[in-house]
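The values are calculated or read from the model by the stated rules, or taken from the named source; none is laboratory data. Keep in mind the model is a prediction, meaning the values are calculated, not measured. Heads up, the Cβs are rebuilt from the backbone with ideal geometry, glycines too, and the neighbour counts pull from every protein chain shown.
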Amino acid sequence: MMHFMAGHVALAETRGKAMTDTVQIPAGFQPVTKEEFFEALYADKRDIMPSISESPYNTNWETKGRVRWGWSAPGWKNPRGEKIFALNRGA
């Protein structure tokens with residue numbers, strides 16, 4: 001289940017125990033579809049890997065030099081939630 005509210009995305013896992021968390025697409029990032037996200041990832045020649053160091057509710061995608069290239073939600077804490085993808089157009 002996903003609700004959009006003023007630049008935030010509320011993620012709720014309804015199987016078993018209820019868990020709600022609000023995540024915000026980082027400033028400077030542009031929301032894209034899953035297909036656009038992975039097309040850009042495969043087209044980029046840099047070594048880009050997922051990182052969950054910031055929050056268990058979203059994933060930062062970083063270059064080897066730790067430049068934040070992309071962002072996706074949910075993270076490992078809510079693996080069955082709605083998928084949200086964004087790209088850092090300045091990276």
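Mind listing just one residue for me: the one in segment 44-79 that is among the hydrophobic types (A, V, I, L, M, F, W, C) and over 14 Å from ARG89 (Cα atoms) and, of those, nearest to the chain's Cα centre (by Cα)?
From segment 44-79, those among the hydrophobic types (A, V, I, L, M, F, W, C) are 48-49, 52, 61, 67, 69, 71, 73, 76; that's our starting set.
In the following step, the residues that additionally are over 14 Å from ARG89 (Cα atoms) were identified as 48-49, 52, 73, 76.
On the way: ILE48: 14, MET49: 13, ILE52: 10, ALA73: 3, TRP76: 11 Å.
Step by step, filter segment 44-79, then rank; the result is ALA73.
What pairs come up if the first residue lies in segment 71-85 and is at negative phi and surrounded by fewer than 15 Cβ atoms within 10 Å (Cβ to Cβ), the second is at pLDDT 85 or above and small (Gly, Ala, Ser), and their beta carbons are under 9 Å apart, counting only those six or more places apart or on different chains?
Going by the 9 Å Cβ cut-off, the qualifying pairs are GLU82/ALA73; LYS83/SER72; LYS83/ALA73.
Test TRP69 against the stated conditions and say whether it is of a type in the set (Phe, Trp, Tyr), modelled with pLDDT of 90 or more and in contact with a Phe, Trp or Tyr (Cβ under 9 Å, 6 or more places away or on another chain).
yes
Would you point out the residue of segment 7-43, among those that are among the acidic types (Asp, Glu) and more than 18 Å from GLU62 (Cα to Cα), that is modelled with the lowest pLDDT?
Filtering first and then ranking leaves GLU13.
Where residues in segment 36-68 are closer than 14 Å to ILE84 by Cα and touching a Lys or Arg at 6+ places or on another chain (Cβ under 8 Å), which of them is surrounded by the fewest Cβ atoms within 10 Å (Cβ to Cβ)?
Once the filter is applied, the top-ranked residue is TYR57.
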